[in-house]
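Please treat every number below as a calculation from the coordinates, not as lab data. Bear in mind that the values here come from a model prediction, so they are computed numbers and not experimental data. Neighbour counts are summed over all protein chains in view; Cβ atoms, including those assigned to glycine, are modelled from backbone coordinates with ideal geometry.
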Amino acid sequence: MEQPITLILATANAGKAAEIRDLLKDFFIQIKTLSDFGPIPEVEEDGRTFEENAYKKAGHTARILGFPALADDSGLMLEGLAGRPGVHSARYGGKDASDQTRCVSLLEEMKGVANRAAAFECVISLAVPTGAALTYVGRCEGVITEAPKGQNGFGYDPIFYYPPLKKTFAEMTQKEKSRVSHRGKASRELKSEFDKVLIWIKQNMTIPEKWICHGG
Ligand code: ITT
């Protein structure tokens, strides 16, 4: 009987992992997370774009563990702060700050700023151990609230208001959020061609013999 392909979710963020797991639940794959393995060397997320960082995380994990790996690099961009925190969203307010502290610090910085337009962006990279990778992108536009609202989700969800549904992301169910979110959009793009992606993974797991230089 055919075995399912193992796919590692290369994220230490439990909120992200839960959303991605839910989005890929209908496929014949075995999903593993980093906690299913021993500790691996950390990768530095020092890329200038979400795409660079997503590929760094996925490629690093795939090469080290020998399985296809999927990583997501995402963040929140505020028009009134010239696009910050952007790629630095995870480090905003200090490396060890909690989600709650980050939201409070961002609201503090936004005090008196009239332009509250914001957008979440997400880049998903799916890489195989040979280094080959596929990339999917999603974006969601909204407005930064004056105060946190809602208990669901993670990260900046309580301060990201989505006007069409008149709710913050943290007031939405997982299903509602995924229907409109940056991660939902990027994952749906991946999902829409997932059958082809599975074939691509199988074809790219090893470097073709004809490309290998045997010397002599
Ligand atoms: P990994 O790198 O291990 O995946 P991370 O939390 O460090 O986890 P990123 O480097 O991609 O992830 O940083 C993304 C930041 O943006 C992080 O602070 C998240 O909380 C926030 N973020 C991303 N998507 C979000 C979402 O859907 N809702 C709320 N906050 C989100």
(message) I'd like the full set of residues that are among the β-branched types (Val, Ile, Thr) and buried (at least 16 other Cβ atoms within 10 Å of the Cβ), limited to region 181-216.
(response) Val197, Ile201
(request) Take region 1-44 and flag every residue that is part of a strand (DSSP E or B) and within 24 Å of Ala170 (Cβ to Cβ). (result) Leu9, Thr33
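Just for region 149-167: of the residues that are part of a loop (DSSP other than H, G, I, E, B) and away from the ligand (no atom under 12 Å from the Cβ), which one is farthest from Leu106 (Cα to Cα)?
Out of the qualifying residues, it is Lys166.
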(message) Can you tell me which of (1) over 18 Å from the mean Cα position of the chain (by Cα); (2) within 11 Å of the ligand (Cβ to nearest atom); (3) touching a residue at least 12 places away in the same chain (Cβ under 8 Å); (4) surrounded by fewer than 16 Cβ atoms within 10 Å (Cβ to Cβ) is the one Gly93 doesn't meet?
(response) (4)
(request) Could you please find all residues in region 140-166 being of a type in the set (D, E, K, R) and buried (at least 20 other Cβ atoms within 10 Å of the Cβ)? (result) Asp157
(request) Kindly establish whether Phe28 is surrounded by 15 or more Cβ atoms within 10 Å (Cβ to Cβ), closer than 28 Å to Thr130 by Cα and of a type in the set (Phe, Trp, Tyr). (result) no
(message) Step by step: first the residues of region 45-83, then only those that are assigned to a strand (DSSP E or B) and either of a type in the set (A, V, I, L, M) or more than 12 Å from the ligand (Cβ to nearest atom) (or both), then the one that is nearest to the chain's Cα centre (by Cα). Which residue is that?
(response) Ala71
